[in-house]
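A.B. asks: Before I ask anything, here is the structure I am working with.
The values are calculated or read from the model by the stated rules, or taken from the named source; none is laboratory data. Predicted model only: the values in this text are computed from it and were never measured. Because the Cβ atoms are built from the backbone with ideal geometry, glycine has one as well, and the counts that use them run over all protein chains shown. Side chains are part of the model used for accessible areas, which takes the heavy atoms of the whole protein and leaves out ligands, DNA and RNA. Shrake-Rupley method; radii C 1.70, N 1.55, O 1.52, S 1.80 Å.
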Amino acid sequence: MSGVPNIALSELMASRVGSVDPTKFPDEVFDLYSIPAFDRGSPEIAVGASIGSSKQIVRPRDVLLSKIVPHIRRAWVVGNDKGRRLIASGEWIIFRSERIDQAYLRHVLVGDPFHSEFMQTVSGVGGSLLRARPVHVAKIKIPLPPISEQRRIAAILDQANALRAKRREALAQLNSLTQSIFIEMFGDPVANPKGWVLSDVGALSKLQGGLQVTSARKNLPLEIPYLRVANVYRGKLDLTEMKTIKVTDAEMSRTTLEKDDLLIVEGHGNPNEVGRSALWTGEITPCTHQNHIIRVRFDTSKILPIYACEYLNSPTGRRHLTGAGKTTSGLNTINASNVRGTPISVPPLALQHTFAKKLEAVKAIERLHQMAMNESDTLFASLQHRAFRGEI
């Protein structure tokens, strides 16, 4: 930022942060700023007896930066004093200074320029064990214009971020619309009020396991893209980052995906994500899948893949697959037998085709919103860069 000093974050870090052991005040009610509370969107109101270990004491308008799982950008501002002591878990780095506008600092801490440097301070073995090291975070320099300029920049970024939030809300409403259409046309799968024929996935499809990714493949003759768990979400695919795998001719013939194949996640650390399903739309040819993805190829004379996908992603389908799963070494898994045995109602094919047409209309709108969302994200990142260089 031209003409504006860069200062080390050490100058903004709270130097004297007290602590409290809530268990010594079992009946006192606290406002707890924890990582789960951040993900829910508001501090947890809890009695000391339910909190447990010692916590940091924070003040209104302190800025908190999460040092755990650092690739997820978590920064928020402590709210007003509501008559309860304000405390925070030890996973937060606390910033406290009269020299900063809290909204401005929060934008800096979640922005791309800072985040790229922040990730260089990380140590650990992976996943939830990765942590940023405060002693190194303290050395990162950020632009600190006069407080009036900080507030002006924060207001611009807040407004731009509000527009992005409205896009996200619109996308979420479209997802709810899809579920509503499903329930309206087919009824609650649990009650099956319309008395549809009941079958199971195995009777309506052929299943195929994926390929194990190992170094032993390095000399195999063919190399093609493959899908990982990171590519398959509930009702959608993310093909932003595709990797390749070496395969034999026989493996390629056996596992190459076809349009409308249903892809089911076999294992995940979060039990609620096991069994999440999405349809392959054929964007990449050829393409295969790793062994943590189960491929289901339906007999379209009996059931439409788009209907089956929505059914398996419904609360009923999710409940069955989650219940069938096993947990080993922190990984929740299902297998092909669990998927084959998943019960599914089979409405008349004509009704399924009507559903498919309605769903495609919704997805067309969804694609437009997603494109707008992507553009908004790109513009917001550009706006951040310009703001912190003093160009707005």
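A.B. asks: Using only C-alpha atoms and all pairs of different ones, pull out the Kirkwood radius for region 1-68 in Å with one decimal.
C.D. replies: Values: mean 1/r = 0.0707 Å⁻¹.
One over the average 1/r among Cα pairs gives 14.1 Å for region 1-68.
A.B. asks: Right, next: So who's got an amide H within less than 5 Å of the one on Ile344, skipping anything under 5 residues away but keeping other chains? H placed 1.01 Å off N, in plane.
C.D. replies: Here the answer is Ser199, Asp200, Val201, since their amide H atoms fall under 5 Å of that of Ile344.
A.B. asks: For region 128-242, which whole-number percentage of the solvent-accessible area (1.4 Å probe, protein heavy atoms only) is attributable to carbon and sulfur atoms? Don't skip to the answer; put the middle values down first.
C.D. replies: Numbers: 3610 of 6680 Å².
Carbon and sulfur together cover 54 percent of it.
A.B. asks: Subtracting the Cα-Cα distance from 0.36 nm times the residue separation, let me have the gained length for Thr354 to Gln159 in nm, one decimal. Spell out each step's value before the answer.
C.D. replies: On the way: separation 195, 0.36 × 195 = 70.20 nm, distance 4.07 nm.
Length gained between Thr354 and Gln159: 66.1 nm.
A.B. asks: Quick check: pseudo-label points 7 Å beyond the Cα along Cα→Cβ at Asn192 and Ala49, how many nm apart are they?
C.D. replies: It works out to 4.7 nm between the two label points.
A.B. asks: Taking GluC sites (Glu not before Pro) that fall in a DSSP loop and have at most 12 other Cβ atoms within 10 Å as cut points, what is the longest piece of the chain between them? All intermediate terms of the calculation are to be shown ahead of the outcome.
C.D. replies: Working: sites that count: Glu98, Glu241, Glu258, Glu283, Glu391.
Segment 99-240 is the longest.
A.B. asks: Another question, then. How many angstrom separate the Cα center of region 167-226 from the Cα center of region 15-73?
C.D. replies: Their Cα centres are 39 Å away from one another.
A.B. asks: Further question on the same structure: So how much slack lies between Ala372 and Ser10, counting 0.36 nm per residue of separation and subtracting their Cα-Cα distance, in nm? Each step should come with its number before you reach the end.
C.D. replies: Details: separation 362, 0.36 × 362 = 130.32 nm, distance 3.83 nm.
Roughly 126.5 nm would be gained on extension.
A.B. asks: Report the extension gain between Gln120 and Ser301 in nm, rounded to one decimal, defined as 0.36 nm multiplied by the number of residues separating them, less their alpha carbon distance.
C.D. replies: Numbers: separation 181, 0.36 × 181 = 65.16 nm, distance 5.40 nm.
Fully extending the segment from Gln120 to Ser301 adds 59.8 nm.
A.B. asks: Whole number in Å², please: accessible area per residue of the chain, 1.4 Å probe, ligands, DNA and RNA not counted.
C.D. replies: Values: 19830 Å² over 392 residues.
The answer is 51 Å² per residue.
A.B. asks: Find the Rg to Rh ratio for region 278-372, where Rh is the Kirkwood radius over alpha-carbon pairs and Rg uses the same atoms. Walk me through the intermediate numbers first.
C.D. replies: Numbers: Rg = 15.5 Å, Rh = 15.5 Å.
Taking Rh as the inverse mean 1/r over Cα pairs, Rg/Rh reads 1.00.
A.B. asks: Please list Ile306, Ile45, Ile156 in order of solvent-accessible area, largest first, computed with a 1.4 Å probe with all protein chains present.
C.D. replies: If we order Ile306, Ile45, Ile156 from most to least accessible, we get Ile45, Ile156, Ile306.
A.B. asks: Can I ask one more? Mind giving me the FRET efficiency for Ser176 and Arg254? R0 is 51 Å, r the Cβ-Cβ distance, nearest 0.05 is fine.
C.D. replies: After rounding, the FRET efficiency stands at 0.85.
A.B. asks: Give me the compactness ratio for region 216-339, meaning the Cα radius of gyration over 2.2 N^0.38 Å. Intermediate values should be presented prior to the final figure.
C.D. replies: Numbers: Rg = 14.6 Å, N = 124, 2.2 N^0.38 = 13.7 Å.
So region 216-339 has a normalised radius of gyration of 1.06.
A.B. asks: Which of Arg234, Arg164, Arg16 ends up with the largest GNM mean-square fluctuation for the chain, with Cα atoms connected below 10 Å?
C.D. replies: Most flexible of the set in this elastic network: Arg16.
A.B. asks: So what's Rg/Rh here for the chain, counting alpha carbon atoms and using the Kirkwood radius for Rh? Could you put the intermediate results ahead of the total?
C.D. replies: Values: Rg = 25.2 Å, Rh = 24.4 Å.
Rounded to two decimals, Rg/Rh equals 1.03.
A.B. asks: So if R0 is 41 Å, what FRET efficiency would Glu98 and Thr214 give, r being the distance between their Cβ atoms, rounded to the nearest 0.05? If you can, show how the numbers build up before the last one.
C.D. replies: Working: r = 57 Å, r/R0 = 1.39.
Computed FRET efficiency for Glu98 and Thr214: 0.10.
A.B. asks: With a 1.4 Å probe and all protein chains in place, put Lys236, Lys55, Lys357 in order of accessible area, largest first.
C.D. replies: If we order Lys236, Lys55, Lys357 from most to least accessible, we get Lys357, Lys236, Lys55.
A.B. asks: I would also like to ask the following. Ignoring everything but the protein chains, give the 1.4 Å probe accessible area of Arg228 in square angstrom, nearest 10.
C.D. replies: The accessible area comes out at roughly 40 Å².
A.B. asks: Tell me, what is the FRET efficiency for Thr285 and Glu28 to the nearest 0.05, using R0 = 45 angstrom and their Cβ-Cβ distance as r? Could the numbers behind the result be given before it?
C.D. replies: On the way: r = 62 Å, r/R0 = 1.38.
Efficiency, rounded to the nearest 0.05: 0.15.
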